[in-house]
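Worksheet for the structure shown next.
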Amino acid sequence: VTRRSIDAAADMTTRGAGGRGSLLLRWTLGLLAVGWALGTVSGDAVMAAFRTVNPLLYGAFCVGFALLNLLLDSLAAVPTHRHAAPGLRFREYLVVRGAAHLGGAINVHLGQAQVGLLLVRVYGAGLTDVLATTLVCYGTTLGALLGLSAIPLLSLDAPAWLSTGVLGGLAAAVAYGVALLRPPRALARLPVFAKLHQIGVVTQLRLLLL
């Protein structure tokens, strides 16, 4: 891992995406959201559940799950971001993504923004290209969730709202694919969409499988 990558990741982790004020605001909003969620459940029920948990095993599980998530996320994201930064190395991206998990703990979009800033700063990627590959990451994630959501439809008693949502998602995906194959004039003028068109439908489907 290059020293430049480590220094940039550490700097981004320390300062956050928008300075100390922004970092404080994100943590405040996050704590308020957690407090609101805890306020919707019974405190006695929460404490009773905690008493049944082995703290060492639970802590080990959380650490192991976070590391596994980081590894799998990097395995899927690196091929995507290489369309913006061809020289991106997997080991270096682990540092970038690991640092971004601090912001992502509050909001996933903040974590993605940190990744984008670091790709531009460290790897010299163009901002438009990074934005396009970030959108591909979002799109493939949504596509995977859509596929998983379709599994319950194999059951005859699947709720109607689920089938409506899945069909709506499929319609949006088809419309996006058609737009990539035959770009409307208004979209073709957008630099970000031009990059998505350059990546292509087949490549994005392959990235979805990752």
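Please find, within the range 171-200, the residue that is modelled with the highest pLDDT out of those that are farther than 21 Å from G143 by Cα and touching a helix residue (DSSP H, G or I) at 6+ places or on another chain (Cβ under 6 Å).
The extreme case among them is P191.
Return the total of residues in the range 90-133 being over 21 Å from V192 (Cβ atoms) and of a type in the set (S, T, N, Q).
The total comes to 1.
Quick one: count up the residues across the range 163-201 that are open to solvent by less than 80 Å² (accessible area, probe 1.4 Å) and under 23 Å from the mean Cα position of the chain (by Cα).
Residues flagged as open to solvent by less than 80 Å² (accessible area, probe 1.4 Å) and under 23 Å from the mean Cα position of the chain (by Cα) within the range 163-201 amount to 18.
Take the conditions under 23 Å from I199 (Cα atoms), out of contact with any helix residue (DSSP H, G or I) (no Cβ under 9 Å at 6 or more places or on another chain) and surrounded by fewer than 22 Cβ atoms within 10 Å (Cβ to Cβ) and apply them to G87. Does it pass? Reasoning before the result, please.
Numbers: under 23 Å from I199 (Cα atoms): yes; out of contact with any helix residue (DSSP H, G or I) (no Cβ under 9 Å at 6 or more places or on another chain): no; surrounded by fewer than 22 Cβ atoms within 10 Å (Cβ to Cβ): yes.
In short, no.
Do you know which of the residues in the range 115-137 that are touching a residue at least 24 places away in the same chain (Cβ under 8 Å) and open to solvent by 40 Å² or more (accessible area, probe 1.4 Å) is nearest to E92 (Cα to Cα)?
Filtering first and then ranking leaves Y123.
Just give me the residues in the range 154-167 being more than 21 Å from L208 (Cα to Cα) and aliphatic (A, V, I, L, M), in sequence order.
Within the range 154-167, L154, L156, A158, A160, L162 qualify.
For the range 89-206, list the helices (runs of 4 or more DSSP H) that sit wholly inside it and hold at least 2 residues that are of a type in the set (V, I, T); which are they?
Per the criteria, 90-104, 108-123, 127-150, 160-181, 191-199.
Kindly indicate whether L70 is open to solvent by less than 50 Å² (accessible area, probe 1.4 Å), outside any helix (DSSP H, G or I) and within 16 Å of L210 (Cβ to Cβ). Full working, then the answer.
On the way: open to solvent by less than 50 Å² (accessible area, probe 1.4 Å): yes; outside any helix (DSSP H, G or I): no; within 16 Å of L210 (Cβ to Cβ): yes.
It is false that L70 is open to solvent by less than 50 Å² (accessible area, probe 1.4 Å), outside any helix (DSSP H, G or I) and within 16 Å of L210 (Cβ to Cβ).
Right, A100: touching a residue at least 60 places away in the same chain (Cβ under 8 Å) and among the aliphatic types (A, V, I, L, M) or not?
Against the criterion (touching a residue at least 60 places away in the same chain (Cβ under 8 Å) and among the aliphatic types (A, V, I, L, M)), A100 qualifies.
Given the options V41, V34, name the one that is exposed (fewer than 13 other Cβ atoms within 10 Å of the Cβ), assigned to a loop (DSSP other than H, G, I, E, B) and at pLDDT 75 or above. Break it down stepwise before answering.
Details: V34 fails: assigned to a loop (DSSP other than H, G, I, E, B).
Exactly one residue qualifies, and that residue is V41.
The values are calculated or read from the model by the stated rules, or taken from the named source; none is laboratory data. All values derive from a computational prediction rather than experimental measurement. Reconstructed Cβ throughout: ideal geometry from the backbone, glycine too, with neighbour counts over all protein chains shown. Accessible surface areas use protein heavy atoms only, side chains included; no ligands, DNA or RNA. Shrake-Rupley method; radii C 1.70, N 1.55, O 1.52, S 1.80 Å.
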